[in-house]
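Participant: The structure follows.
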Amino acid sequence: MSVVVKTIARILLPVILVFGGYVILHGHLTPGGGFQGGAVAASAVALLLVAFGPGSVKKLKAPFSILEDLGGVAFVLLGFLGIGTTFFFNLLAGSGGLFGAAAPIGPNPGVLNTGGTVPLMNWAVGFKVLGGLGAVMVLFGLFGGDDDR
Amino acid sequence: MRRWAVVAAFLIVAGGLLLGGARMRPFGAPRYDLMDRYFNARSQAEVATNNVVTAIVFDYRGYDTLGEATVLFTAVVGVALILRRLKR
Amino acid sequence: MIGNVPFVVCMVLVLLGLWALLFRRNLFKVVIGIKIIENGVNLYLVATGYVHKGVVPIYTYAPPDAAMVLPTPQALTLTSIVIGLATTALMLAFVVVIHRHKRTLDGRKVTELSG
């Protein structure tokens, strides 16, 4: 693409990634969550693909696949964390440790340190969606053409 | 001939769907909401999240999310298998 | 008073997608029709959970003493959206492979599996 698109893409890329991280981090307090934040972050890959061509994202294929696998494994492990009661039992909620503060009842400004395993699962699913969507987009960019049989 | 049969079937389905939509219960007055009122009232005390939707997705109905993650993984693997470059 | 116009609008979306699915020959347009059906169904599910004068089920800075809409349809619609995205990726990959092998996007010319 032209130099205007490339310059704007260079400026916007960190902003998009930071906004995706914000949506994932505040998934248990504001609208959003792991899926939405991962999709926002994956749109940065689409911008990269459009602005700089498929050659610029060729090296990202293997990291995205590994990221997706790690996200899935982390999600299942967090589910197994509460196996003493049931699968997917929220062991950390209200325990006082990491993300363990009790949420105030009723409308409140929101405390970030609440939620138990929910914010951790948000991060796991966010990385999983980022990896999966990014891998799909990179694959379409690399092999989606017709003349490279 | 076959095309007109398809059009007739489409019209029958269209009539059924539109009639069903028009004869639904009034918009904004759900009939059965016992479970949802429980979630709205108790999610802050049980899961300690302000966002009730996230509490349902990751805590009350975690199995659904697990299956959805599996579907996403399967789709990525399928795309990678279909679109790979065959060495010849 | 809007009655149940939102449900009828969702059904109209589903019908538009079904029309594209039945009467379009281009495979990309068939994929777009399937996506329109899916969006109609998602809208229908979310509209099912609306409560009159309800707010989003999030307690951060929520207005006090406001009724909240039902959260379960929203949560399951979220799952449905991600699954729809995965199936769309698979369908587009199939379309690319069909065009690679047959040099056409006409769905009626792909007859290897028809009986």
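The values are calculated or read from the model by the stated rules, or taken from the named source; none is laboratory data. All values derive from a computational prediction rather than experimental measurement. Virtual Cβ from ideal backbone geometry, glycine too; neighbours counted across all protein chains shown. SASA here: full protein model, heavy atoms, side chains in, ligands and nucleic acids out. Shrake-Rupley method; radii C 1.70, N 1.55, O 1.52, S 1.80 Å.
Participant: Over chain C, with a Gaussian network built from C-alpha contacts below 10 Å, which listed residue (C:G54, C:G84, C:G17) shows the highest mean-square fluctuation?
Facilitator: So, out of C:G54, C:G84, C:G17, the one fluctuating most is C:G54.
Participant: To the nearest whole number, what is the average tally of beta carbon atoms from other chains within 10 Å of the beta carbons of peptide C:4-12?
Facilitator: On the way: counts 9, 3, 4, 10, 8, 1, 3, 9, 4.
Mean partner-chain Cβ count within 10 Å for C:4-12: 6.
Participant: How large is ³J(HN,Hα) for each residue in segment B:3-18, as worked out from phi by the Karplus curve 6.51 cos²θ - 1.76 cosθ + 1.60 (θ = phi - 60°), to whole Hz, x for Gly and Pro?
Facilitator: Here the 3J(HN,Hα) series is 4, 5, 5, 5, 5, 5, 4, 4, 5, 5, 4, 5, x, x, 5, 5 Hz.
Participant: Hey, another quick one. Please build a GNM for chain B, connecting alpha carbons under 10 Å apart, and tell me which residue among B:L34, B:L66, B:L11 fluctuates the most.
Facilitator: Most flexible of the set in this elastic network: B:L11.
Participant: A further question follows. Under the definition of partner shielding as Cβ atoms of other protein chains within 10 Å of a residue Cβ, what is the mean value for peptide C:98-110?
Facilitator: 1
Participant: Gaussian network model of chain A, Cα springs within a sub-10 Å range: biggest mean-square fluctuation belongs to which of A:V23, A:V15, A:V45?
Facilitator: In the Gaussian network model the winner is A:V15.
Participant: Show the residues, 5+ positions off or on another chain, whose built amide H is closer than 5 Å to the amide H of C:Y59.
Facilitator: For C:Y59, whose amide H was placed from the backbone, the distant partners under 5 Å are B:N51, B:V52.
Participant: Using θ = phi - 60° and the Karplus curve 6.51 cos²θ - 1.76 cosθ + 1.60, what whole-Hz ³J(HN,Hα) does each residue of segment A:15-22 get, with Gly and Pro shown as x?
Facilitator: Using θ = phi - 60°, the values come out as 5, 5, 5, 5, 5, x, x, 5 Hz.
Participant: Please list, ordered by chain and number, the residues whose modelled amide H lies under 5 Å from the amide H of A:F89; skip anything fewer than 5 residues away on the same chain.
Facilitator: Under 5 Å from the amide H of A:F89 lie the amide H atoms of A:G82, each far enough along the sequence or on another chain.
Participant: What percentage of the solvent-accessible surface of the protein assembly as shown, computed with a 1.4 Å probe over protein heavy atoms, is contributed by carbon and sulfur atoms?
Facilitator: Details: 13120 of 18430 Å².
Reported share for carbon and sulfur atoms: 71 percent.
Participant: List the accessible area buried at the contact between C and B, summed over both sides and calculated with a 1.4 Å probe, in Å² to the nearest 100. Please report the intermediate quantities before stating the final value.
Facilitator: On the way: alone 8720 and 8490 Å², together 13430 Å².
Chains C and B together bury approximately 3800 Å².
Participant: Still on this structure: With axes computed from alpha carbons, what is the tilt in degrees of helix C:71-102 against the longest principal axis of chain C, rounded to the nearest 10 within 0 to 90?
Facilitator: 10
Participant: Something else: Once you keep just the Cα pairs under 8 angstrom separated by 6 or more residues, what percentage relative contact order results for chain C? Before the final figure, lay out the partial values.
Facilitator: On the way: 108 pairs, mean separation 29.2, N = 115.
25 percent.
Participant: With a 1.4 Å probe, what is the total accessible area buried between chains A and B, in Å² rounded to the nearest 100? Show your work: numbers first, answer last.
Facilitator: Details: alone 8850 and 8490 Å², together 14620 Å².
Interface between A and B: roughly 2700 Å².
Participant: Give me the 1.4 Å probe accessible area per residue for chain C, excluding ligands and nucleic acids, in Å². Before the final figure, lay out the partial values.
Facilitator: Values: 6260 Å² over 115 residues.
I get 54 Å² per residue for chain C.
Participant: Whole-Hz ³J(HN,Hα) for each residue in segment C:28-44, computed from phi via Karplus 6.51 cos²θ - 1.76 cosθ + 1.60 with θ = phi - 60°, x for glycine and proline: what do you get?
Facilitator: So the J values, rounded to whole Hz, are 5, 5, 5, 4, 5, x, 5, 5, 5, 4, 5, 5, x, 5, 5, 4, 5.
Participant: How much accessible area per residue does chain A have, in Å², with a 1.4 Å probe? Please report the intermediate quantities before stating the final value.
Facilitator: On the way: 6900 Å² over 149 residues.
Value for chain A: 46 Å² per residue.
Participant: According to the square roots a ≥ b ≥ c of the eigenvalues of the Cα gyration tensor, what is the shape class of chain B, taking rounded for a/c under 1.5, prolate for a/b larger than b/c otherwise, and oblate for the remainder?
Facilitator: Details: a/c = 5.11, a/b = 1.11, b/c = 4.60.
Taking the square roots of the gyration eigenvalues as a ≥ b ≥ c, chain B is oblate.
Participant: For C:M68, enumerate residues with amide H under 5 Å from its amide H, sequence gap 5+ or separate chain, H modeled in the peptide plane.
Facilitator: C:V55
Participant: Turning to a different aspect of this structure: Please give the direction-averaged projected area of the C-alpha convex hull for chain A, in square nanometres with one decimal. Could you put the intermediate results ahead of the total?
Facilitator: Values: hull surface 45.2 nm².
That works out to 11.3 nm².
Participant: Going down the table (A:K6/C:K35; A:K6/A:K61; A:K128/C:K102), which pairs top 23 Å between alpha carbons?
Facilitator: Working: A:K6/C:K35 31 Å; A:K6/A:K61 21 Å; A:K128/C:K102 34 Å.
Correct reply: A:K6/C:K35; A:K128/C:K102.
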